[in-house]
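Contents: one structure, followed by commentary.
The values are calculated or read from the model by the stated rules, or taken from the named source; none is laboratory data. Computed from a predicted structure; not experimentally measured. Note that we place each Cβ from the backbone using ideal geometry, even for glycine, and neighbour counts take in every protein chain shown.
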Amino acid sequence: MRRVSLALGALFLPGTAAAQDAPERPAVKFNRWQEDWRPLADPARRTRPLDGVKYLPLGGDSYLSLGGGARLRYEHQEQGFGISAAPDEYLIARIEAHADLRLGQHVQAFVQLLDAEAPGKRQIQGPDANRLDLEQGFVALVLPLGRDTIKARAGRQQFVFDLQRFVSARDGPNVRQSFDALWADYETPRWRFIGYLTQPVVNRDARPFDDGSSRAQTFSGLRVEYKLAGRHELSFYWSRYTQDGARFVDARGDETRDVFDLRFAGQTGRWDWDLEAMAQRGRVGAASVEAWALGLLGGYALALPAAPRIGLQIDVASGDRRAGDGRVETFNPLFPNGYYFTIAGFTGDANLIHVKPSLALRPVKPLKLLLAGAAQWRLTNADAVYRQPNVAIPGTAGRPGRYTGAYAQLRADWTIAPGLSAALEGVYFAIGRVLRDAGGSDGRYLGIELKYGF
């Protein structure tokens, strides 16, 4: 307990003896607003070239931190199997810069700008390009109550749930998903209660600073998280998702879905698992919604050189079983993260059975390798094959052939230096009968990425 107390103290009491036991520096996180750079109040810990802007003291316990990052990726993409999109080869480039103002321990103001370009891409969509715009901009309050804490954020922000199966920051494409939102949570050592009111941000690329809240979509709800004994956690959330003018294979109209999600994750010894189930009820126009999905990701770590982990991923998502019956059974994956299947985005999480064994290795500390293969089927032939996020591939609904195909995946992630990394991913998707009869061909993807953050 003494070590824990010292570590917590080091975050908020720079210059004290407790701070001497703190890590040399904070890590660059997926959500940059979660970083706390108070440990760099000690000049001895400012050891890297840009550390001078990571902690700019403003007096007392207040400071300003500046940061940013860049990502460049080459992609050869055959999304849609040549049916709904032509093969393409291009670069995507993303530059981000942020300022994080901390006024004492209780107030935070965070602003992040984005410029995303896709030179050479034939078909530019919302996630591909967004000239200079506000990616995040919010004010947050943190109020300690003994061992508990109240937190609140208001403004444009990014957040994720769990493995990002259904609620993500959409980091795979060039433009991440932001929300204009009110967020509040109450945290105890074991419990966390969250409420959120959000409208997704619509990415426009007509001129700088033209993004705005969606007038057609909302996503709001309540969430509860509980930490069980050991490394186990349980969570549940209810959300209401609305979308004007939704279009499905068997229904058109305004969409309202009540989403009920339950997740259980943990680790025991060398075993780990993450199991999530979601049910959706509501309406699309005059039709009722009855949809569901299951996801399991688990594995076993072997006590061998290169730290091999054998993994298994199983996903099932409902599809519409009968046309014209007044029910929409096609699962809506909401705001999914493409990384959950592959970054290639060949198929989406709707009308799907997906089985994927994998092997992860770390031959040397800076290098991670993933070798995987998967097979996919439609849950019902009456519904379509979907590509990410939930786009029906023309000519597949109601056609014979449940088997969608199989793919092989190779991914390598290499940490070159602190803040600098590279990645390579290749995917080959051999299609089944239903896609071939629709005029499709095998899909190929190659991505080469270089990323830097400070």
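Applying the criterion of being touching a residue at least 60 places away in the same chain (Cβ under 8 Å) and of a type in the set (Asp, Glu) to the residues of the range 130-163, the residue that is surrounded by the fewest Cβ atoms within 10 Å (Cβ to Cβ) is 162.
Residues that are in the same structural domain as residue 246 (by TED's automatic domain parsing), free of Cβ contacts under 8 Å to residues at least 12 places away in the same chain and outside any strand (DSSP E or B) do not occur anywhere in the range 410-426. Here 251, 286, 291 are screened, and the one residue that is within 25 Å of residue 196 (Cβ to Cβ) and either of a type in the set (Gly, Ala, Ser) or in contact (Cβ under 8 Å) with a residue 60 or more places away in the chain (or both) is 291. Residues in the range 266-285 that are closer than 20 Å to residue 331 by Cβ and either outside the structural domain of residue 249 (by TED's automatic domain parsing) or of a type outside the set (Asp, Glu) (or both): 275, 277, 278, 279, 280, 281, 282, 283, 284, 285.
Please tell me if residue 120 is of a type in the set (Gly, Ala, Ser) and assigned to a loop (DSSP other than H, G, I, E, B).
Judged against the criteria, residue 120 is a match.
For residue 86, the conditions (1) closer than 30 Å to residue 435 by Cα; (2) among the small types (Gly, Ala, Ser); (3) at pLDDT 95 or above all hold with the exception of (3). Being aliphatic (A, V, I, L, M) and either touching a residue at least 40 places away in the same chain (Cβ under 8 Å) or touching a helix residue (DSSP H, G or I) at 6+ places or on another chain (Cβ under 6 Å) (or both) is the filter here, so list the residues in the range 259-283 that pass it. 259, 265, 278, listed by residue number. Taking the numbered list (1) among the hydrophobic types (A, V, I, L, M, F, W, C); (2) surrounded by fewer than 16 Cβ atoms within 10 Å (Cβ to Cβ); (3) closer than 25 Å to residue 161 by Cβ in turn, residue 33 passes all entries but (2). Checked against the criterion of being without any contact (Cβ under 8 Å) to a residue 24 or more places away in the chain, small (Gly, Ala, Ser) and at positive phi, the candidates 104, 59 yield just one match: 59. For the range 145-183, the candidate set comprises residues that are of a type in the set (S, T, N, Q) and touching a Pro at 6+ places or on another chain (Cβ under 8 Å); within that set, the residue that is farthest from residue 258 (Cα to Cα) is 174. Kindly establish whether residue 376 is assigned by TED's automatic domain parsing to the domain that holds residue 292, under 17 Å from residue 296 (Cβ atoms) and not small (Gly, Ala, Ser). When the stated conditions are applied, residue 376 passes them.
Yes or no, residue by residue, for (1) aromatic (Phe, Trp, Tyr); (2) in a loop (DSSP other than H, G, I, E, B):
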site: 173; (1), (2): no, yes
site: 200; (1), (2): no, no
site: 210; (1), (2): no, yes
site: 219; (1), (2): yes, no
site: 223; (1), (2): no, no
site: 233; (1), (2): no, no
site: 256; (1), (2): no, no
site: 260; (1), (2): yes, no
site: 272; (1), (2): no, no
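Being over 21 Å from the mean Cα position of the chain (by Cα) and surrounded by 15 or more Cβ atoms within 10 Å (Cβ to Cβ) is the filter here, so list the residues in the range 104-120 that pass it. Result: 105, 108, 109.
Does residue 201 satisfy being farther than 18 Å from residue 34 by Cβ, touching a Leu at 6+ places or on another chain (Cβ under 8 Å) and touching a residue at least 40 places away in the same chain (Cβ under 8 Å)? Against the criterion (farther than 18 Å from residue 34 by Cβ, touching a Leu at 6+ places or on another chain (Cβ under 8 Å) and touching a residue at least 40 places away in the same chain (Cβ under 8 Å)), residue 201 does not qualify. Of all residues in the range 47-82, those satisfying the criterion of being at pLDDT below 90, surrounded by fewer than 19 Cβ atoms within 10 Å (Cβ to Cβ) and not small (Gly, Ala, Ser) are 47, 48, 49. I'd like to know if the range 258-265 contains one or more residues that are within 30 Å of residue 131 (Cβ to Cβ) and surrounded by 19 or more Cβ atoms within 10 Å (Cβ to Cβ). No, the conditions are met nowhere in the range 258-265. Residue count for the range 193-226 under the criterion of being of a type in the set (Lys, Arg) and buried (at least 17 other Cβ atoms within 10 Å of the Cβ): the result is 1. When the range 118-163 is filtered for residues that are among the polar types (S, T, N, Q), more than 16 Å from residue 210 (Cα to Cα) and either modelled with pLDDT under 95 or in contact with a Cys (Cβ under 7 Å, 6 or more places away or on another chain) (or both), only 123 remains.
Step by step: first the residues of the range 283-313, then only those that are of a type in the set (Gly, Ala, Ser), in a loop (DSSP other than H, G, I, E, B) and closer than 23 Å to residue 409 by Cβ, then the one that is farthest from the chain's Cα centre (by Cα). Which residue is that? Across the range 283-313, the extreme among qualifying residues is 306. For the range 325-382, residues that are among the small types (Gly, Ala, Ser), assigned to a loop (DSSP other than H, G, I, E, B) and surrounded by fewer than 22 Cβ atoms within 10 Å (Cβ to Cβ) total 2. Looking across the range 391-416, the residues that are buried (at least 20 other Cβ atoms within 10 Å of the Cβ) and more than 23 Å from the chain's Cα centre (by Cα) come down to 393, 396, 397, 404, 405.
Before we move on, is residue 229 assigned to a loop (DSSP other than H, G, I, E, B) and either at pLDDT 95 or above or in contact with a Ser or Thr (Cβ under 6 Å, 6 or more places away or on another chain) (or both)?
no
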